[in-house]
Amino acid sequence: MHFSIPDTQEFGPDNAGSSFTGFNIHINGSFHCCLRYKQLHSLHEQLKRSLPTLVLPSFPPKKLLPLTPGQIEQRRISLERYIQLVGQDPVLCRSELLRAFLLNAQQESSFTECREVSVDVFLMNGYRIQTKAFTTDCSSKVLEKACAFIDLPKEYTYYFSLYLVRKESNGDIAITKKLMDFEAPYISQKQWEDCKIVIRTSYWDANYDLELMRDRIALNLLYIQVLSDVERGWIITTRDLAEQLTDLQARGNKREYVEIVRKLPLYGCLQFPRVCVDYPQPNTLATVIIGNRELNLLTNYGKKIQETKFKVTRIRCWRVTTIHNNEEISSNSSSESREPSNNLELSFEYLMAKNQLKWITVYSEQSMLMSTHQAEFARLSYIRRDGSNYCITDSSSTDTLSSISDSNSTSNQSNNGSSTTTTTTTNNGTSFIRRKLKEFNTTVRFKNGKDSVHNEAFEWIGDDDL
């Protein structure tokens, strides 16, 4: 997770009659929630208790007197550094405490009441699945309900994920972001009003297709995605092959259609809209294609297209940077009307030749789309802005907050064994899939305190290997 705190908001008197500062938390480049200092401090204390063997980043100290504008800015910088270090720790990123905290923080910041609504989830061919879900359901719960609606067997659910997809002015579609489990699709989709929620496969390794092709409904979902990608030009075919595929489509031979397309070079890759890159020259426009353990840049030079391939095993490290234009962000703007921030840079250090490393930067709002983290399940008491405490439970219906009288009652209930225990509802097959599904950056690990990510798959090579 990539965190940033670009600015703050000033709120009027709370229930105690005191004004306070809210810190605007951006995750993976877009606004997620606005939190008080004491809310982040509460999260820090609970992480310490739940992970006693882990050394957490130091939390910015409290101040006894009201803060001056300069001190508020210093606190913003310190909190941003703290939450960035949390986001770079693989153990903390997988913590259910952090996931549930962020989910409920999004709910509070968007002023969303928990209620049952109809959430539209689309397939790549435009078919709409009208899913009954709660406004505060996390992404995995909405995914489960959508898959159950079309009778997809449970063991195949987590081969898929939910994405926000928008239609460009030229008619093309662009995958904006992958919906993570720390956010509610209903809330996130309202923030990105021009986007639809779409089901696509969640993996980059095409070998998992073979599992989906064992089931009729799973095969149909895969076929719809593959057909859409071919029609949109994301997978390039020859004229003769296109005629063969059209014939298979007309005859309804989905399995053979998928098997043929799977052999094509760009199959299993995700194509992004044209963006600006600094390779081979600064301000170069290129189409980015990611998949099959490669990052490809397609650059037009007149009528010719030049393809440059960057292999994952030759990327030594990478980083994502968020660029915020604070002059365009009003510090007094309401959090429920804030627009997503899309200024992201993906930079990676690539081994061009023996002992020759070069930084390459891609400027794209989808820089964080490659990131995915799975959660462990635990228990959390969420403290709201007004100071009241809530106990978060993971029920079959919703992730909403159930009120408790005070913070001590949470521990008492837990010790007495009378409280509802949070459990994972996934079966062994699903857990296996969650462990095994791989994306572009699952070969990397985060190092605390570092600005870039070291790639464990990186291989030093010689000139003969290039």
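The values are calculated or read from the model by the stated rules, or taken from the named source; none is laboratory data. Because the structure is predicted, anything quoted here is derived from the model rather than measured. Here the Cβ is made from the backbone with ideal geometry for all residues, glycine too, and neighbour counts use every protein chain on show. Only protein heavy atoms, including side chains, enter the accessible area calculation; ligands, DNA and RNA are left aside. Shrake-Rupley method; radii C 1.70, N 1.55, O 1.52, S 1.80 Å.
Quick test for you: out of ARG99, ARG94, pick the one residue that is in contact (Cβ under 8 Å) with a residue 40 or more places away in the chain, open to solvent by 50 Å² or more (accessible area, probe 1.4 Å) and closer than 28 Å to TRP192 by Cβ. It would help to see each step written out before you state the result.
Values: ARG99 fails: open to solvent by 50 Å² or more (accessible area, probe 1.4 Å).
Residue meeting the stated conditions: ARG94.
Taking the criterion of being among the basic types (Lys, Arg), within 22 Å of the chain's Cα centre (by Cα) and not assigned by the TED database to the domain that holds THR136, would at least one residue in the range 199-217 satisfy it? Show your work before the answer.
As a first pass, look at the range 199-217 and keep what is among the basic types (Lys, Arg): 200, 214, 216.
Filter once more, so that each one left must be within 22 Å of the chain's Cα centre (by Cα): 200.
From what is left, the residues that are not assigned by the TED database to the domain that holds THR136 are none.
No.
Can you list the strands (runs of 3 or more DSSP E) found entirely within the range 182-294 that contain at least 2 residues being at pLDDT below 90 and open to solvent by 40 Å² or more (accessible area, probe 1.4 Å)?
The strands (runs of 3 or more DSSP E) meeting that bar number zero.
Take the conditions closer than 13 Å to ASP7 by Cα and either touching a Phe, Trp or Tyr at 6+ places or on another chain (Cβ under 8 Å) or not assigned by the TED database to the domain that holds LEU103 (or both) and apply them to LEU43. Does it pass?
Details: closer than 13 Å to ASP7 by Cα: no; either touching a Phe, Trp or Tyr at 6+ places or on another chain (Cβ under 8 Å) or not assigned by the TED database to the domain that holds LEU103 (or both): yes.
For LEU43, the condition - closer than 13 Å to ASP7 by Cα and either touching a Phe, Trp or Tyr at 6+ places or on another chain (Cβ under 8 Å) or not assigned by the TED database to the domain that holds LEU103 (or both) - is not met.
With the condition being crowded, with 18+ Cβ neighbours inside 10 Å and hydrophobic (A, V, I, L, M, F, W, C), I'd like the strands (runs of 3 or more DSSP E) fully within the range 1-84 carrying at least 3 qualifying residues. If you could, list the steps in order and put the result at the bottom.
On the way: elements: 8-11, 20-27, 30-35.
Passing ranges, in order: 20-27, 30-35.
From the residues in the range 135-153 that are open to solvent by 50 Å² or more (accessible area, probe 1.4 Å) and over 20 Å from the mean Cα position of the chain (by Cα), which one is nearest to ASP181 (Cα to Cα)?
The extreme case among them is ALA148.
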